[in-house]
Amino acid sequence: MADQYAHSGDGDGPAETSENRVTPAIRWEEPPEGPVLVLLDQTRLPAEEVERVCTDPPALVEAIRGLAVRGAPLLGIAGAYGVALAAARGFDVADAAQALAGARPTAVNLSLGVRRARAAHQEALAGGAGEEAAARAALEAARALHRQDAEASARMAAHGLALLDELLPGGGHRVLTHCNTGALVSGGEGTAFAVALAAHRAGRLRRLWVDETRPLLQGARLTAYEAARNGMAYTLLTDSAAGSLFAAGEVDAVLVGADRITADGSVANKIGTYPLAVLARYHHVPLVVVAPVTTVDPDTPDGASVEVEQRGGHEVTELSGPQVPVVGAEAVGGIPVAPLGTQAYNPAFDVTPPELVTAIVTEEGVVSPVTAEALAELCARSRQATTS
């Protein structure tokens, strides 16, 4: 079950104004009636900040599929909290884990977060713990993942800014980004957006070019929203205008995130990333992928092996904005922009081969050139650091 309510400053701390308030993308709460997972509903941005309260795993699955919560790292966190919610609420944890992991198949972090929390739950039970203690173990695993992602975000920002300064000496970076990769997708300040934000804070970001990111406009609705809140110099453009920017010499680097990085370094990311990679290579502009090590999937050998999510055709044949309810009006779909019955091709992601990627920035460092061997070494180093 899910409820929605507008966020206000009436919590434990002092009330915040609309100008400085930052609503967290995800949080766990334990009201008297039982634990809940509270999400900032990203389908309602930028028009209004509304939180969506999930009281059970099916509500969270619906929120994930409907993109109320999205972005690879945040989906991992949501998946882990979803397992904890199932355990705390007395649902079948195995069934909930399967439903959560399958809600969006391309994003590897989602299934990883689910597995991590479920493993903690199973280990607790195997060790003789009761259901309540096992549920707490799952919750602690989710909270640990949340903290680790925030720490990873800060380290990626530092590594990414150092790389930008190395690739583009002199500052004044003009960076093009695609989709949304900021605090709305992360336990911290994001992935690719966090690098741009670090450049902005260091006084070295001249312009953030924001792709609109069709058909769901995550760039226009979400990245522009985050850029504005951080006082960054940004300009919005349609996806099809990117080529003219490259041709005019107005792009110094492309910064994007990733939903899955395969063993050979292929990058599955929001649809429209591959064309940017081709443009960047032709115009000798570096394309940098910023993602946590958890997004690297050594079990998927190459780009051809990635399961690409196919979404409903109505997202292409209809034009819809933020889902702002109108009092007294019935819910309606988007505005039709194609003839009735038009078939639509609507993959959520495309795959960029490693030879078009200048570098992959992670919290453990930078991989460049991008090769299977370098990625395997990075993952091994990350595992060693985690267990030491």
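Each reported figure results from applying straightforward, stated rules to the coordinates on display, with no laboratory input. Just so you know, these numbers come straight off a predicted model, no measurement behind them. FYI the Cβ positions are ideal-geometry reconstructions off the backbone, even for glycines, and counts take in every protein chain you see.
Using Cα-Cα distances under 8 Å and only pairs 6 or more residues apart, what relative contact order does the chain have, in percent?
Relative contact order comes out at 14 percent.
Just to confirm the filter: which GluC sites (Glu not before Pro) across segment 13-112 are DSSP coil and have at most 15 other Cβ within 10 angstrom of their Cβ?
Sites meeting the loop and neighbour criteria: Glu16, Glu19, Glu33, Glu48.
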- Could you tell me which of Ile360, Ala120, Leu279 has its Cα farthest along the dipole of the chain towards the positive end, charges placed at Cβ (Lys, Arg +1; Asp, Glu -1), taken about the Cα centre? Leu279
- Query: For Thr371, Thr294, what ranking results if the residue with the fewest other Cβ atoms within 10 Å of its Cβ goes first?
  - Reply: Thr371, Thr294
- Query: Length gain on complete extension for the stretch Arg65 to Arg204, per 0.36 nm per residue less the alpha carbon to alpha carbon distance?
  - Reply: 46.3 nm
- segment 2-149 - charge dipole about Cα centre, Lys and Arg +1 at Cβ, Asp and Glu -1, debye rounded to 20: 700 debye
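Can you compute the charge dipole magnitude of the chain about its Cα centre, using +1 on each Lys and Arg Cβ and -1 on each Asp and Glu Cβ, nothing else charged? Give it in debye, rounded to the nearest 20.
With only Lys, Arg, Asp and Glu charged at Cβ, the dipole is about 680 debye.
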- When the charge dipole of the chain is computed with +1 on Lys and Arg Cβ and -1 on Asp and Glu Cβ about the Cα centre, the Cα farthest towards its positive end, among Asn346, Ala291, Pro57, belongs to Ala291
- Query: To one decimal place, what orientation-averaged projected area in nm² is obtained for the convex hull of the Cα set of segment 159-311?
  - Reply: 8.9 nm²
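DSSP H helices in the chain with Cα extent of 18 Å or more along the helix axis and mean Kyte-Doolittle hydropathy at least -0.5?
Membrane-span-like by this rule: 72-89, 108-126, 131-167, 372-387.
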- In whole Å, largest first, the alpha carbons of the chain cover along the principal axes 61, 58, 48
- Query: Mean residue ellipticity at 222 nm from the helices of the chain, using -39,500 (n - 2.57) per DSSP H segment of n ≥ 4 over the full residue count, to the nearest 500 deg cm²/dmol?
  - Reply: -12000 deg cm²/dmol
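Can you list, largest first and rounded to whole Å, the semi-axes you get for segment 2-149 by taking the square root of 5 times each eigenvalue of its Cα gyration tensor?
For segment 2-149, the ellipsoid semi-axes come out as 26, 17, 13 Å.
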- Cα centroid distance between segment 105-141 and segment 229-246, in Å? 41 Å
